[in-house]
Amino acid sequence: MAARQPASMEEVVVTPRLSTRLANFQASQALEAAGIHPLLARLWAARGVCHPGETLLAWGALIPPGQLTHIQRAAGILADAIHARKRLLIVADYDCDGATACAVGMRALRSMGAVVDFLVPNRFETGYGLSPAVVELALRHPAGKPDILVTVDNGIASVDGVHAATLAGIDVVITDHHLPGDILPQALAIVNPNQPGCGFPSKNLAGVGVIFYLMLALRAELRQRGVYPKDGGPRLDNLADLVALGTVADVVKLDANNRVLVTQGLQKMRAGRMQPGVRALFAVAGREPRQASGFDLGFALGPRINAAGRLADMSIGINCLITDDEGQALELARQLDGMNQERRGIETTMREEALAAIEASSPTIGASVCVYHPEWHQGVVGLVASRLKETYWRPTLAFARSDSGELRGSGRSIPDVHLRDVLDLVSKRYPGIILKFGGHAMAAGLTLREEAYGAFIGGFDAAVIELSGKASFDPVIETDGSLESGYANAEVAGLLQQQVWGAGFPAPIFRDTFHVRQQRLLKDKHLKLNLERGNQRFDAIWFNHADMLPEYADVAYRLDQNVWNGMVSAQLIIEYACAPAS
């Protein structure tokens with residue numbers, strides 16, 4: 001194992017800095033005047049919501065599909081293919097967004113009479129996206145040689161793969177949401193809000209959102225052709241649970257359009273109307289669909305789907321989401337749950353090995369963290385990078401050795417450092433050291449020659465410092481300021497839980513000074529407290545924190561509901577606390 005990090009290890013204490021979001025009183029007043037709860041009006045306005053129309057979460061508020069470039073062309077191609085009984089093959093990605101996107105495509109296309117099957121690349125064999133190797137697999141697919149490949153959550157960078165498909169006599173329709181490169185593939189149609197010239201107002205659709213939009217356009221095309229009556233055809237809103245799951249799990253920004261998609265999906269789940277596989281995932285995760293939240297999708301269901309792509313074959317996850325057999329769905333969900341438990345064990349071992357290596361290899365740490373072990377699992381290095389990033393608050397890369405002897409790395413970053421730009425700078429400063437790389441600001445992947453690892457980590461650290469202008473970083477916890485005492489109750493906690501929060505639209509964190517009346521440790525690692533503010537007392541808990549607080553504390557917290565013996569009360573989940581500034 002090798003690890004690289006120059007601050008004394010003893011000095012690497014991540015101390016968050018508390019800040020308060022800028023309020024927008026004018027927008028808040030406009031929202032409140034429209035009948036929105038005063039606290040929600042304040043919170044939404046601080047997150048950029050300016051008009052009451054942006055708070056509408058019914059289907060009618062969805063941006064129409066027609067503004068997506070090529071969507072009419074793609075819909076026409078698929079409608080022709082359905083009429084001619086051509087074979088369609090969906091090429092998916094091996095994460096939760098790709099799996100749900102594949103399930104949406106499979107269910108919608110089959111409901112509209114298409115002959116369709118799917119193929120998902122193996123992370124360890126063919127890698128990401130529609131590559132020439134995946135085209136070879138498509139040619140040998142058990143369902144027969146496809147006439148058209150439809151990519152979901154991938155394809156915008158598949159120049160060589162599309163060319164290989166064309167040479168093999170297979171047409172390609174691309175649906176994707178990732179940023180394009182300098183050259184676009186020569187596909188029949190590309191539906192991607194982030195391609196050059198696309199005027200779709202929301203650039204934040206997940207892969208599952210893009211294919212859902214194409215299915216809406218296809219149904220509209222079939223209505224126009226007289227296949228369905230004006231308002232006829234399959235009920236595509238019944239796929240909202242899958243769209244919500246993939247959107248939340250892919251951590252795309254929850255702009256107004258995505259909040260419509262996620263809200264509609266959560267409403268379906270809470271009403272008990274969901275795919276058998278989604279219901280089964282709730283069951284094995286021990287979560288209650290009637291109280292479904294974004295947290296459930298991102299931290300309970302999503303990781304179980306992702307476990308298949310990390311450790312085995314994502315087709316298990318896809319089959320769980322497309323089966324209508326409740327028993328089969330539950331069996332597949334149990335397999336996914338078992339894989340997720342295995343993934344947790346592998347991740348814990350790798351993280352402990354990484355922490356030990358960092359501390360043993362050097363008394364200092366630089367602007368970045370890199371770790372490598374030849375026996376680590378390729379599918380889990382990204383999760384280890386994420387954990388180490390949180391521990392040291394540095395951009396972090398974790399590497400494992402691939403079967404070909406190259407190093408496969410996955411990285412996670414912090415807001416101060418654009419990870420893909422750093423890798424781009426390293427690749428230009430050290431030509432040939434990085435075999436390939438890709439990603440975006442907060443996450444990226446790369447492949448290195450093993451013998452280049454030592455040179456790479458020095459170049460990576462230098463590039464982080466050059467682009468950020470910093471050699472050390474501290475996280476900022478952005479709060480919504482004080483919580484009005486009249487809203488510090490269980491009813492408002494429930495109201496907040498019903499809302500859609502997530503990437504780019506963070507759940508509220510409040511900040512107040514409390515008198516610490518009581519505190520004790522739970523299980524030697526969680527701090528349980530009784531806090532007082534004015535005439536109100538609250539139970540509070542700070543998970544994974546064992547140090548006692550002073551008598552008075554400046555506390556950043558989330559308002560939560562605590563249900564005990566049928567009684568519902570407000571409790572505070574502490575994000576950070578310290579002595580008040582004097």
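The values are calculated or read from the model by the stated rules, or taken from the named source; none is laboratory data. Computed from a prediction, not measured in an experiment: that's the story for all the values here. Cβ sites come from the backbone with ideal geometry, for glycine too, and all protein chains shown count toward neighbours. For the accessible areas, the whole protein counts, side chains as well, though only heavy atoms, and no ligand, DNA or RNA atoms are used. Shrake-Rupley method; radii C 1.70, N 1.55, O 1.52, S 1.80 Å.
Structural remarks
- Of the residues A79, A101, A114, the single one that is within 21 Å of A249 (Cα to Cα), buried (at least 21 other Cβ atoms within 10 Å of the Cβ), of a type outside the set (D, E, K, R) and modelled with pLDDT of 95 or more is A101.
- Positions within segment 301-332 being farther than 28 Å from S402 by Cα and under 20 Å from the mean Cα position of the chain (by Cα), in sequence order: L301, C320, L321
- Within segment 30-47, residues that are within 11 Å of D480 (Cβ to Cβ) sit with their Cβ atoms under 6 Å from residues that are of a type in the set (S, T, Y) and assigned to a helix (DSSP H, G or I), at 6+ positions apart or across chains, in these pairs: L39/Y487; R42/S28; A45/S28.
- Qualifying residue in segment 188-208 (condition: surrounded by 21 or more Cβ atoms within 10 Å (Cβ to Cβ) and in a helix (DSSP H, G or I)): yes
- A138 fulfils the conditions (1) more than 25 Å from T247 (Cβ to Cβ); (2) open to solvent by 20 Å² or more (accessible area, probe 1.4 Å) except for a single criterion, (2).
- Subset of segment 39-76 (residues that are surrounded by fewer than 17 Cβ atoms within 10 Å (Cβ to Cβ) and of a type in the set (F, W, Y)): W59
- Within segment 94-121, being part of a loop (DSSP other than H, G, I, E, B), out of contact with any Lys or Arg (no Cβ under 7 Å at 6 or more places or on another chain) and more than 18 Å from A74 (Cβ to Cβ) holds for D95, V120, P121.
- Annotation note: of S482, S569, the sole residue that is farther than 23 Å from D296 by Cα, among the small types (G, A, S) and open to solvent by 40 Å² or more (accessible area, probe 1.4 Å) is S482.
- Residue within segment 194-203 that is touching a strand residue (DSSP E or B) at 6+ places or on another chain (Cβ under 6 Å) and closer than 27 Å to V251 by Cβ present: no
- In the set A329, A300, A240, A285, only one residue is hydrophobic (A, V, I, L, M, F, W, C), under 29 Å from G345 (Cβ atoms), buried (at least 22 other Cβ atoms within 10 Å of the Cβ) and modelled with pLDDT of 95 or more; that residue is A329.
- Being open to solvent by less than 20 Å² (accessible area, probe 1.4 Å), at pLDDT 95 or above and either in a helix (DSSP H, G or I) or within 23 Å of P121 (Cα to Cα) (or both) is a condition met by no residue of segment 356-364.
- Taken over segment 79-105, the criterion of being in contact with a strand residue (DSSP E or B) (Cβ under 6 Å, 6 or more places away or on another chain) and not basic (K, R) is satisfied by A81, L88, L89, I90, V91, A92, A101, C102, G105.
- First in segment 381-408 and of a type in the set (K, R), second anywhere and surrounded by fewer than 24 Cβ atoms within 10 Å (Cβ to Cβ) and assigned to a helix (DSSP H, G or I), Cβ under 7 Å, 6 or more apart: R387/R351; R401/E450; R408/Q378
- Residue check: I211 meets all listed conditions (1) open to solvent by 10 Å² or more (accessible area, probe 1.4 Å); (2) part of a helix (DSSP H, G or I); (3) under 26 Å from L78 (Cα atoms) but one, namely (1).
- Qualifying residues in segment 528-550 (those that are outside any strand (DSSP E or B) and within 12 Å of A488 (Cα to Cα)) - the one least open to solvent (accessible area, probe 1.4 Å): G534
- Within segment 485-510, considering residues that are open to solvent by 70 Å² or more (accessible area, probe 1.4 Å) and of a type outside the set (G, A, S), the one farthest from N204 (Cα to Cα): E491
- Among the residues of segment 164-187, just one is surrounded by fewer than 20 Cβ atoms within 10 Å (Cβ to Cβ) and of a type in the set (S, T, Y), namely T166.
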